[in-house]
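What follows is a single structure, written as structure tokens, with notes after it.
The values are calculated or read from the model by the stated rules, or taken from the named source; none is laboratory data. Remember, it's a predicted structure, so these values are computed and weren't measured experimentally. Neighbour counts run over all protein chains shown; Cβ positions are idealised from the backbone, glycine included.
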Amino acid sequence: MRHTACNKTKIPLSFLALCLAGIFTGCSGNEEPSQTTAFQTEPQFETGSGTQEATGISSESAQDSSVNFEILQEENPDIFAWLYIPDTGIDCPVLQSGQGDDFYKNHNALGEEDPSGAVYIELANLKSMCDFNTVLHGNADTEQNAPFTQLYRFSDPLFFDSHETIYLYLDGNVLTYEIFAAYERENTSLIRSYDFTYTSGCQEFLDDLYGTREMSMNLREGWDFINPYHFLITLTTQRAESPDRQFVVVAVLTQDAAGTIGRTVAE
């Protein structure tokens with residue numbers, strides 16, 4: 001049987017209100033707008049230079065709740081976010097390249113050739129994080145200290161139970177996500193397997209997730225109400241010895257410090 005964990009997080013009423021909004025046909029605002037969905041919470045973190053000295057990619061960290069995007073983007077303008085997952089060592093920039101979707105699979109955050117790669121999203125996803133599902137890629141290789149090597153810790157039920165939160169820093173905002181699923185799946189492109197621009201593709205992804213029969217799947221209880229109105233991130237990686245499988249960690253947005261995350265949707 002799949003492992004399920006009890007959910008202890010209370011969902012803001014404004015977050016639940018998204019579930020009750022009307023019907024729409026596009027997940028990313030590609031159609032004529034008729035309705036906007038968003039939710040807001042009070043800011044809890046800071047972005048920008050803060051009070052610490054800017055140190056750049058090599059020693060920047062989100063553990064002090066401050067990320068300096070000005071200096072990061074001077075080092076590489078492809079950096080648009082910073083990912084921080086407590087107790088995993090995942091504390092690194094997120095990039096999007098105009099040179100190709102997989103450019104940062106074998107280039108580091110400075111754009112230098114590096115087999116460990118960097119964490120990145122494809123061009124199909126918005127840097128604003130307003131898509132239904134933003135897919136973050138990263139390599140997993142212990143010897144090369146690849147950025148998503150520690151992502152596999154979420155395959156351990158005990159670690160999964162006790163680690164619920166992902167923080168994603170944007171310039172001027174911090175997004176908080178609740179991890180609700182971690183499992184292996186066929187190593188196919190999520191972006192190409194599901195059309196996240198339509199409710200049907202969004203719902204298909206959710207149906208497949210909740211219909212997964214992987215014995216090792218970790219699934220947190222209390223999140224079965226998620227629908228195409230929500231905002232997800234999926235972190236994905238694979239080991240070199242298992243090229244036909246990928247490990248994914250899926251999380252749902254629960255706090256938007258600046259209140260800027262939303263989608264324009266059609267009836």
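Only residues in the stretch 219-243 that are touching a residue at least 24 places away in the same chain (Cβ under 8 Å) and within 18 Å of Asp102 (Cα to Cα) count as the first member; pair them with residues that are part of a loop (DSSP other than H, G, I, E, B) and of a type outside the set (Phe, Trp, Tyr), Cβ under 6 angstrom, at least 6 apart or cross-chain, and list the lot.
Pairs found: Thr237/Gly138; Thr237/Ala140; Gln238/Asn187; Arg239/Ala140.
Restricting the search to the stretch 130-151, which residues are hydroxyl-bearing (Ser, Thr, Tyr) and modelled with pLDDT of 95 or more?
Thr134
Of all residues in the stretch 194-205, which are part of a helix (DSSP H, G or I) and either among the charged types (D, E, K, R) or without any contact (Cβ under 8 Å) to a residue 12 or more places away in the chain (or both)?
If the condition is that a residue be part of a helix (DSSP H, G or I) and either among the charged types (D, E, K, R) or without any contact (Cβ under 8 Å) to a residue 12 or more places away in the chain (or both), then Ser200, Glu204 are the ones that fit.
Just checking, which of Arg213, Arg220, Arg192 is touching a strand residue (DSSP E or B) at 6+ places or on another chain (Cβ under 9 Å) and basic (Lys, Arg)?
Arg220
Of everything in the stretch 105-144, what is of a type in the set (A, V, I, L, M) and surrounded by fewer than 20 Cβ atoms within 10 Å (Cβ to Cβ)? Give them in sequence order.
Leu110, Leu123, Ala124, Leu126
Filter the stretch 83-104 down to the residues that are at negative phi and out of contact with any strand residue (DSSP E or B) (no Cβ under 7 Å at 6 or more places or on another chain), then identify the one that is surrounded by the most Cβ atoms within 10 Å (Cβ to Cβ).
Step by step, filter the stretch 83-104, then rank; the result is Thr88.
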